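Engineer: One structure, pasted below without further comment.
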Amino acid sequence: MWRELKGLWNSDNLLSEAWDQTYEMIEIDREMFLDGIEALWEENPEKIEQAIAKKDKVINQHEREIRKKALTHLSVSGTANLGAGLILSTIIVDIERIGDNVKDIVALAVMHPHKVDAGVLTKDIQKVEAGIKEVFGHINECLANGDEARALELYQNYKQINAECRSIVERLVSGEGLDLPANTSATLALYVRYLKRINAHLRTVLSSVINPYDRIGYKPKITTPEG
C-alpha cells in the first residue's frame, strides 16, 4: 500500500514538495540528535544549545508548511490522495517532537554543573545512542523506497533499545552497583528517558511504512522470519 500511495504522492507537486520537506526534517533531527549527544558528554553545551534552537525553528517551519500543502492539496483534489495526506500529517508530528526531545537533552547538559560522567553505565548508554543512530541512518531510505523488510529490521532495533533504556533507568533508580553523584544519576535517568522517547517517535515513522494508516504507531501484524 505504501508504494502505491507514494506513487500518487509523487505525481502531485504539492505533496511531492511536502515529501521532500519531510526528508529534510528527519535529516535535521538526525543532526540535532548528534549535537545533543555532544552537548551532554562534552564541554560548553551552551554553544550547542544556540545551534539547536535555530534548527528547531526550521523544523517547526517545515511542519507548518507541510500541513498547509497537504491541506491545500486535499482541498483541491478531494479524497484522491486522502490516505497519503493523512499519513503525512500523522508522522510529521512525531518528527517534530524528536526535535523537542533533543532540546530537552541539551537543556539537561546546560543545567548539569560539570561534564557528565556515566561511570560504569557509559557503554550501555553508548549502545542505546548507537542503536538510534542506526535508525536515523536508514529511515529516510525506508520511506523513499517503501522498504517494509528493512523497516521491520529497524523496528526490531526499537524493541531492543526500549528494553536497554528500561534496564538503565532501573539501575539508576536502584543505585545498586553505581557510584554516581545524585545530580548525575538524575541527569542520566532523564537523558535515557528522552532517548526512549526519540526511539518511540522513530518507531511511529517506521510503522507508517509497515502498517495501514489505522495502525500507525502500533506493533506490526507481520513479523520478520526470525519472529
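Engineer: From the phi of every residue in the range 30-44, what ³J(HN,Hα) in whole Hz does the Karplus formula 6.51 cos²θ - 1.76 cosθ + 1.60 yield, where θ is phi - 60° and glycine or proline is x?
Structural biologist: 3J(HN,Hα) across the range 30-44, in whole Hz: 4, 4, 5, 4, 4, 5, x, 4, 4, 4, 6, 9, 10, 8, 6.
Engineer: Moving to a separate point now. What angle do you read, to the nearest 10 degrees and between 0 and 90, between the alpha-carbon axis of helix 122-145 and the longest principal axis of the chain?
Structural biologist: Compared with the principal axis, the helix lies near 10 degrees.
Engineer: Taking the inverse of the average 1/r across all pairs of different Cα atoms in the chain, what Kirkwood radius in Å do you get? Present the calculation step by step, with values, prior to reporting the outcome.
Structural biologist: Values: mean 1/r = 0.0541 Å⁻¹.
Computed over the chain, the radius equals 18.5 Å.
Engineer: So which lysines pass the test for LYS115, namely a Cα distance under 19 Å, with those fewer than 8 places away in the same chain ruled out?
Structural biologist: LYS47, LYS103, LYS123
Engineer: Moving on to the next point. Could you line up LYS47, LYS69, LYS103 from fewest to most neighbouring Cβ atoms inside 10 Å? Can you show the working numbers first?
Structural biologist: Details: LYS47 11, LYS69 21, LYS103 18.
The order, fewest Cβ neighbours first, is LYS47, LYS103, LYS69.
Engineer: Counting Lys and Arg as +1 and Asp and Glu as -1, each charge on the Cβ, what is the dipole of the range 90-218 about the Cα centre in debye, to the nearest 20? Walk me through the numbers before you get to the answer.
Structural biologist: Details: 15 positive and 17 negative charges, 34 e Å.
Dipole about the Cα centre, nearest 20: 160 debye.
Engineer: Moving on. To test your reading of the geometry: what angle, between 0 and 90 degrees and rounded to tens, separates the Cα axis of helix 182-210 from the longest principal axis of the chain?
Structural biologist: So the helix axis and the longest Cα principal axis differ by about 20 degrees.
Engineer: At a temperature of 25 °C and a viscosity of 0.890 mPa s, determine how fast the range 15-64 diffuses translationally according to Stokes-Einstein, using the Kirkwood radius over alpha-carbon pairs as Rh; express D in µm²/s, rounded to the nearest whole number.
Structural biologist: Working: Rh = 11.5 Å.
The Stokes-Einstein estimate is 213 µm²/s.
Engineer: Excluding same-chain residues fewer than 8 positions from LYS221, which lysines have a Cα within less than 25 Å of its Cα?
Structural biologist: LYS6, LYS159, LYS196
Engineer: Whole percent per 10 Å bin, from 0 to the bin with the longest distance: what is P(r) over all C-alpha pairs of the range 78-151?
Structural biologist: Going out from 0 Å in 10 Å bins, the range 78-151 shows 14, 32, 29, 16, 7, 2 percent.
Engineer: Separate question: Which loop-located GluC sites (Glu not before Pro) does the range 145-198 contain, where loop means any DSSP state but H, G, I, E or B and the Cβ has at most 14 other Cβ atoms within 10 Å? All intermediate terms of the calculation are to be shown ahead of the outcome.
Structural biologist: On the way: sites: GLU148, GLU153, GLU164, GLU170, GLU176; in loops: GLU176.
The qualifying sites are GLU176.
Engineer: Can you find, among GLY177, VAL205, LEU34, the residue sitting farthest towards the positive end of the charge dipole of the chain, where Lys and Arg contribute +1 and Asp and Glu -1 at Cβ?
Structural biologist: Comparing the listed Cα positions along the dipole, VAL205 ranks first.
Engineer: So which trypsin sites (Lys or Arg not before Pro) in the range 115-151 end up in coil per DSSP with only 14 or fewer other C-beta atoms within 10 Å?
Structural biologist: On the way: sites: LYS115, LYS123, LYS127, LYS133, ARG150; in loops: LYS115.
The qualifying sites are LYS115.
Every number in this text was worked out from the coordinates using simple rules, so none of it is lab data. On a predicted model such as this, the values are computed, not experimentally measured, just so you know. Virtual Cβ from ideal backbone geometry, glycine too; neighbours counted across all protein chains shown.
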